Amino acid sequence: MKACIFFDVDNTLFPTSEFAELARRNAIRAMVETGLDASERELYKGLQRLIREKGSNYSNHFDILLKRMGVERPARYVAAAVAAYHNTKSSIQPYPEVPKTLMELKKRGYRLYVATNGDAVKQWDKLIRMGIHLFFEDVFVSGEIGEEKGPSFFQKVLARARARPSECIMVGDRMDSDILPAKKLGIYTVRVMQGPYSKGKGKADAQIRKFSELLGIVKKL
């Protein structure tokens, strides 16, 4: 019998890619409005290049961007960008069917967890802002576990949740980090077909396009 369900966060519980795009463009616009002599297009291209180099979780994108542009005394522009980026967080919302589906799963007696890559504070921030953090019995983040999602990560998560692989379901959008390592341990996998990774090759035990379809899948199990 399946008793535990683990969820990825980004592009599974909320549209991360859409939010990141909006937040970055708002940050760039704020720098220009504060007086930075550069075009939004130029800044955005530079920021995208930095994100590819440093990764999305790097904390000094704006500082490095302005340094590369030769901007003297960049503090006010960085402050404007950071403020605009964080103000955009007020618009964070989960996918429409997420809260109701999580509530129904809790009513049915499932133990719900988060298993995600990223920085623990940032992932908790998302869950709290979306108002869904209380649905989960625990939140397992690679930044705290000490390694990115893979078989070893999931072994540690299973131990902390005191669950066997045969009792668990992993729900996520990425084959490489959500589906394949969980499946390797014998966890039943459900792939959410939305967001930028939905077109990647590979197959989970089940696939859903609407989050509420998860209810039908777990009922059959």
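Points to keep in mind about this one:
- Rg and Dmax of the stretch 17-91, Cα atoms only, in Å: 11.2, 33
- Relative intensity of the stretch 137-221 on a log10 scale, I(q)/I(0) at q = 0.17, 0.20, 0.24 Å⁻¹, equals -0.70, -0.96, -1.26, per a Debye sum over C-alpha point scatterers of equal strength in the absence of solvent.
- In this structure the amide hydrogen of Tyr95, modeled in the peptide plane, comes within under 5 Å of the amide hydrogens of Phe14, none closer than 5 places in sequence on its chain.
- Percent RCO, i.e. relative contact order, over the stretch 17-91, from Cα pairs under 8 Å lying at least 6 residues apart: 49 percent
- Global geometry of the stretch 16-55, whether rounded, prolate or oblate, following the gyration tensor of its Cα atoms and the 1.5 cut on a/c: oblate
- Potential extension, Ser166-Glu144 segment - 0.36 nm per residue separation minus Cα distance: 5.4 nm
- Between Gln48 and Lys89, the simple label model (points 7 Å from Cα in the Cβ direction) yields a spacing of 2.6 nm.
- Dividing the convex hull volume of the alpha carbon atoms of the stretch 124-174 by its residue count gives 102 Å³ per residue.
- With contacts taken as Cα pairs under 8 Å at a separation of at least 6 residues, the chain carries a relative contact order of 26 percent.
Coordinate-derived values only; no laboratory data. Just so it is clear, the structure is predicted and the values come from calculations on it, not from any experiment. Neighbour counts are summed over all protein chains in view; Cβ atoms, including those assigned to glycine, are modelled from backbone coordinates with ideal geometry.
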